[in-house]
Amino acid sequence: MSLDLGACSDGELAALAIGGRESAYSELMRRYREAIFRFARAHTANDDAALDITQQTFIAGFAALGRYDQARPLRYWLTRIALNKCRDWARRRKVRALFSFATPLENAPDPFDPTADVEREASARQELASVMTAMSGLPAKLNAVLVLRTIEGLSQAETAALLGITGKAVETRLHRARHKLQDILRG
């Protein structure tokens with residue numbers, strides 16, 4: 001009789017994975033890959049970057065599975081790893097942007113694409129993309145709170161615990177994030 005991995009707790013799956021059971025890793029990925037991808041996409045506004053960050057998160061998480069505290073939810077632990085990967089991505093992007101200014105103008109991409117505005121207006125998908133892009137332009141502290149509370153649906157206490165801040169700080173950052181996002185979208 002085989003063990004039903006879908007019925008196992010995260011802690012049990014972690015123990016099985018550490019013990020070398022490949023299917024336990026697969027079950028953990030099945031449970032959390034979409035949430036981690038959504039989290040990363042909300043931070044980057046880029047599907048390719050979000051996919052890379054999701055993969056990096058699981059690679060790092062599985063490599064450090066022995067340090068996972070089974071008394072805590074695995075989703076929060078993986079989300080914390082993803083947050084660090086998103087911060088790394090943002091730092092690398094800033095460095096690349098700095099060096100992109102050194103590119104000769106004749107090699108620079110054309111900043112005006114007349115079809116992009118028409119498609120954005122016509123498509124709800126593009127509107128969502130612009131909101132996600134605006135969100136990725138928020139300062140990291142505000143973006144993290146906004147994503148965790150509104151997209152991932154974490155409670156104020158869960159968000160505070162995950163980010164290592166107070167509940168009041170979560171409330172304040174969420175308020176600031178919403179106002180900054182409105183300002184970005186208006187301007």
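Are any residues in the range 177-187 crowded, with 16+ Cβ neighbours inside 10 Å and not charged (D, E, K, R), and if so, which ones?
Ala177, Leu181
In the range 1-50, how many are under 19 Å from Pro73 (Cα atoms) and either surrounded by 13 or more Cβ atoms within 10 Å (Cβ to Cβ) or touching a strand residue (DSSP E or B) at 6+ places or on another chain (Cβ under 6 Å) (or both)?
26
Taking the range 143-155 as the region of interest, how many residues are buried (at least 17 other Cβ atoms within 10 Å of the Cβ) and over 17 Å from Val131 (Cβ atoms)?
First, pick out the residues of the range 143-155 that are buried (at least 17 other Cβ atoms within 10 Å of the Cβ): 143-149, 152, 154.
From what's left, over 17 Å from Val131 (Cβ atoms): 154.
Matching residues across the range 143-155 total 1.
Considering only residues of the range 23-54 that are more than 17 Å from Met135 (Cα to Cα) and aromatic (Phe, Trp, Tyr), which is farthest from the chain's Cα centre (by Cα)?
Within the range 23-54, the match that is farthest from the chain's Cα centre (by Cα) is Tyr25.
Within the set of pairs 6+ apart or on separate chains, which have a first residue in the range 21-49 that is free of Cβ contacts under 8 Å to residues at least 40 places away in the same chain, a second that is β-branched (Val, Ile, Thr) and assigned to a helix (DSSP H, G or I), and C-beta atoms under 7 Å apart?
That search, which allows pairs on different chains as well, returns Arg33/Thr54; Phe37/Thr54.
A quick yes/no check of all residues on (1) at pLDDT below 90; (2) surrounded by 19 or more Cβ atoms within 10 Å (Cβ to Cβ); (3) assigned to a helix (DSSP H, G or I); (4) not β-branched (Val, Ile, Thr):
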| position | (1), (2), (3), (4) |
| --- | --- |
| Gln55 | no, no, yes, yes |
| Arg72 | yes, no, no, yes |
| Leu78 | no, yes, yes, yes |
| Leu83 | no, yes, yes, yes |
| Ala90 | yes, no, yes, yes |
| Val95 | yes, no, yes, no |
| Phe99 | yes, no, yes, yes |
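Of Leu162, Leu138, Leu174, which residue is free of Cβ contacts under 8 Å to residues at least 40 places away in the same chain and surrounded by 14 or more Cβ atoms within 10 Å (Cβ to Cβ)?
Working: Leu162 fails: free of Cβ contacts under 8 Å to residues at least 40 places away in the same chain; Leu138 fails: free of Cβ contacts under 8 Å to residues at least 40 places away in the same chain.
Within the list Leu162, Leu138, Leu174, the selection yields Leu174.
The values are calculated or read from the model by the stated rules, or taken from the named source; none is laboratory data. Note that the structure is a prediction, hence the values are computed from the model and not measured. Because the Cβ atoms are built from the backbone with ideal geometry, glycine has one as well, and the counts that use them run over all protein chains shown.
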